[in-house]
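**Student:** Input: one structure, supplied below.
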């Protein structure tokens, strides 16, 4: 490799010449002041995002009980996760998969379809409906657990129990949040309810901004129905928004996965029914003080999120990677 | 052929006028909207129910004789350690205002530099930030805790603020929005002798107001709704926030009285979210149009 400064010289000389003849145009120059502009953001970004991620990776190779200095143990945590952690294999992985698949791709498809249907309506009606559908995401899931606890209360004062008993659908009150069969569906329902957030708005805005001429051209080229219109025109045109929505859906799915513990009020959740990987991490970190082990779980989670996002980029990205 | 064409084309994207063909979309969307809004209506009703109605068997969905007693109870009650509710609310308001002000400032500044200035490392920063869009805070709760502990920030009021300042999505949206400002505008200002800080202040900030509104909303939501910081990093009750306090109200679900207060509290949590979003709604949509990842 040649020394980059050598390559730079002619350019900067040309620049200097240019400046000599047109002293006011110095737009393409480098702006050292830019570092001052990015510094505050980067500092916070480094401390609260980069360093914790790096620490997670380092700690994942150690045994660390928060009291003694971390001991290097190589891949032992990872090996234990894969071979020795019965709860992880038996409950956490299947639960996380089930939850993530339904809430992630399921919720994402749903929010796209809702956005698409909303775009077919007149502005006033659309704005009102969009607001109604978006507003649950303002409640940020976990803080709303008061609401769900009242609705799904396990005795006959619970609203769902009362309603179903009046209908005659059940005779005995169901302990919705503490029984293994019902906790997971409720978690999924609650998360879907509050999942029409930023990504949903982005896709709606994207669909509304598609140039009408594209549709006209499509009709001439023989597009026959609404479905073809959506698949051949709308989706390819709003790929960037689809990607943004997908990334938001992935992040939202994993970010909201503390919901099971919030609803059932215990970690681990009853019979591990709602135990997701995030709960497993917190259980090992804050209840058992096995920080190294928890860190290894965190790294696995981050890798999974990254892999899934890469897949979304493959699907919708315009840049080849 | 002509006929079928006109039938499906009658329902164009973003139609100006109502057309009967829109009924089929309404037929799907209205039940969804009802499902979405039902829990919110419930909270509204529950918050205004008097004691007897909270207790009533069978329980009723709608409030019969609305009262403010849940709110007065909420304000009168003091936490286990003798701290009045208003203290938690005050903490939340201070924290929220600080986070919004500072995060808007630092992400617009960074967004300006990353979009319009030329410097080494710019491309790398943009790429890292795009990857960081996928960052999920809860995944690194524990290493984050250790970092914060090392910095000596446990039980420090600032810890409510600092972790929420760098929001990759916020920077991403602002940067995308600043990309829309023509470079000529900035060049012209430079020609007129404006320095970068003046360009940022006088040109960029006024033009990206929609994006600023959007970061404000995103920051507001994440910090106002967050109970985690208080639960994880703060020991002294006097420094905890309203969202955390609300969580403690609901731990005892059997106590009917606290149920009413909890509903009132969640209404207090929810209303500011909704009002702010309604006010800034059109600006947010404007930003979202430029949200695509290319």
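**Student:** Listed residues A:252, A:258; which is at pLDDT below 90, under 28 Å from residue A:201 (Cα atoms) and surrounded by fewer than 23 Cβ atoms within 10 Å (Cβ to Cβ)?
**Tutor:** Unique residue meeting the criteria: A:258.
**Student:** Among the residues that make up the stretch A:253-260, is at least one of them outside any helix (DSSP H, G or I) and either within 7 Å of chain B (Cβ to nearest Cβ) or out of contact with any helix residue (DSSP H, G or I) (no Cβ under 9 Å at 6 or more places or on another chain) (or both)?
**Tutor:** Yes, the conditions are met somewhere in the stretch A:253-260.
**Student:** I'd like the full set of residues that are more than 7 Å from chain A (Cβ to nearest Cβ) and under 26 Å from residue A:250 (Cβ atoms), limited to the stretch B:149-168.
**Tutor:** Those that are more than 7 Å from chain A (Cβ to nearest Cβ) and under 26 Å from residue A:250 (Cβ atoms): B:164, B:167, B:168.
**Student:** Do the conditions hold for residue A:241, that is, is it surrounded by fewer than 17 Cβ atoms within 10 Å (Cβ to Cβ) and out of contact with any strand residue (DSSP E or B) (no Cβ under 7 Å at 6 or more places or on another chain)?
**Tutor:** When the stated conditions are applied, residue A:241 does not pass them.
**Student:** Scan the stretch B:56-108 for residues that are within 12 Å of chain A (Cβ to nearest Cβ) and in a loop (DSSP other than H, G, I, E, B) and jot them down.
**Tutor:** Correct list: B:56, B:57, B:58, B:59, B:60, B:61, B:62.
**Student:** Which of the following residues is within 30 Å of residue B:282 (Cβ to Cβ), within 23 Å of the chain's Cα centre (by Cα), without any contact (Cβ under 8 Å) to a residue 40 or more places away in the chain and in a helix (DSSP H, G or I): B:206, B:210?
**Tutor:** Criteria check complete, one pass: B:206.
**Student:** Within the stretch B:115-145, how many residues turn out to be closer than 24 Å to residue A:251 by Cα and part of a helix (DSSP H, G or I)?
**Tutor:** 19
**Student:** Please enumerate the residues belonging to the stretch B:121-148 that are more than 7 Å from chain A (Cβ to nearest Cβ) and free of Cβ contacts under 8 Å to residues at least 12 places away in the same chain.
**Tutor:** B:121, B:122, B:123, B:124, B:127, B:128, B:131
**Student:** Shifting gears a bit: Would you mind telling me which numbered condition in (1) more than 10 Å from chain B (Cβ to nearest Cβ); (2) closer than 27 Å to residue B:227 by Cα; (3) crowded, with 21+ Cβ neighbours inside 10 Å residue A:77 fails?
**Tutor:** So the condition that residue A:77 fails would be (2).
**Student:** Now for a different question. Out of the helices (runs of 4 or more DSSP H) lying entirely within the stretch A:64-180, which hold 1 or more residues that are within 15 Å of residue A:192 (Cα to Cα) and at pLDDT below 90?
**Tutor:** A:145-151
**Student:** What number of residues in the stretch A:209-218 are in a helix (DSSP H, G or I) and surrounded by 15 or more Cβ atoms within 10 Å (Cβ to Cβ)?
**Tutor:** Here the count works out to 3.
**Student:** Moving to a separate point now. Any idea which of B:268, B:278 is more than 8 Å from chain A (Cβ to nearest Cβ) and either more than 24 Å from residue B:158 (Cβ to Cβ) or outside any helix (DSSP H, G or I) (or both)?
**Tutor:** B:268
**Student:** If you don't mind, there's one more thing I want to ask. Give the residue that is farthest from residue A:56 (Cα to Cα), with candidates limited to residues of the stretch A:285-321 that are without any contact (Cβ under 8 Å) to a residue 60 or more places away in the chain and within 14 Å of the chain's Cα centre (by Cα).
**Tutor:** Taking the candidates together, the pick is A:311.
**Student:** Being over 30 Å from residue A:177 (Cβ atoms) and surrounded by 19 or more Cβ atoms within 10 Å (Cβ to Cβ) is the filter here; which residues of the stretch A:189-208 pass it?
**Tutor:** Matches in the stretch A:189-208: A:201, A:202, A:203, A:204, A:205, A:206, A:207.
**Student:** What single numbered condition from (1) assigned to a helix (DSSP H, G or I); (2) more than 9 Å from chain B (Cβ to nearest Cβ); (3) at pLDDT below 90 fails to hold for residue A:235?
**Tutor:** Every listed condition holds for residue A:235 apart from (3).
**Student:** Does residue A:41 satisfy the criteria of being under 27 Å from the mean Cα position of the chain (by Cα), crowded, with 20+ Cβ neighbours inside 10 Å and under 30 Å from residue A:270 (Cα atoms)?
**Tutor:** no
**Student:** Hey, among B:293, B:234, which residue is farther than 30 Å from residue A:157 by Cβ, over 20 Å from the mean Cα position of the chain (by Cα) and not assigned by TED's automatic domain parsing to the domain that holds residue B:177?
**Tutor:** B:293
**Student:** Something else now. Consider the stretch A:261-282. How many of its residues are part of a loop (DSSP other than H, G, I, E, B), more than 9 Å from every other protein chain (Cβ to nearest Cβ) and touching a helix residue (DSSP H, G or I) at 6+ places or on another chain (Cβ under 9 Å)?
**Tutor:** Qualifying residue count, the stretch A:261-282: 7.
**Student:** Could you pull out the residue among A:53, A:92 that is surrounded by 14 or more Cβ atoms within 10 Å (Cβ to Cβ), more than 27 Å from residue B:158 (Cβ to Cβ) and within 24 Å of the chain's Cα centre (by Cα)?
**Tutor:** Unique residue meeting the criteria: A:92.
Residue-by-condition table, conditions (1) surrounded by fewer than 20 Cβ atoms within 10 Å (Cβ to Cβ); (2) more than 24 Å from the chain's Cα centre (by Cα); (3) at the interface with another protein chain (Cβ under 7 Å from one of its Cβ atoms); (4) in contact (Cβ under 8 Å) with a residue 24 or more places away in the chain:
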site	(1), (2), (3), (4)
A:125	yes, yes, no, no
A:128	yes, yes, no, no
A:136	no, no, yes, yes
A:145	no, no, yes, yes
A:149	no, yes, yes, yes
A:167	yes, yes, no, no
A:170	yes, yes, no, no
A:175	yes, yes, no, no
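**Student:** Exactly one of (1) within 9 Å of chain B (Cβ to nearest Cβ); (2) more than 23 Å from residue B:25 (Cα to Cα); (3) buried (at least 19 other Cβ atoms within 10 Å of the Cβ) is unmet by residue A:229. Its number?
**Tutor:** So the condition that residue A:229 fails would be (2).
The values are calculated or read from the model by the stated rules, or taken from the named source; none is laboratory data. What you are looking at is a predicted structure, and each value in this text was computed from that prediction instead of being measured. No Cβ is skipped: glycine too gets one built from the backbone with ideal geometry, and neighbour counts run over all protein chains shown.
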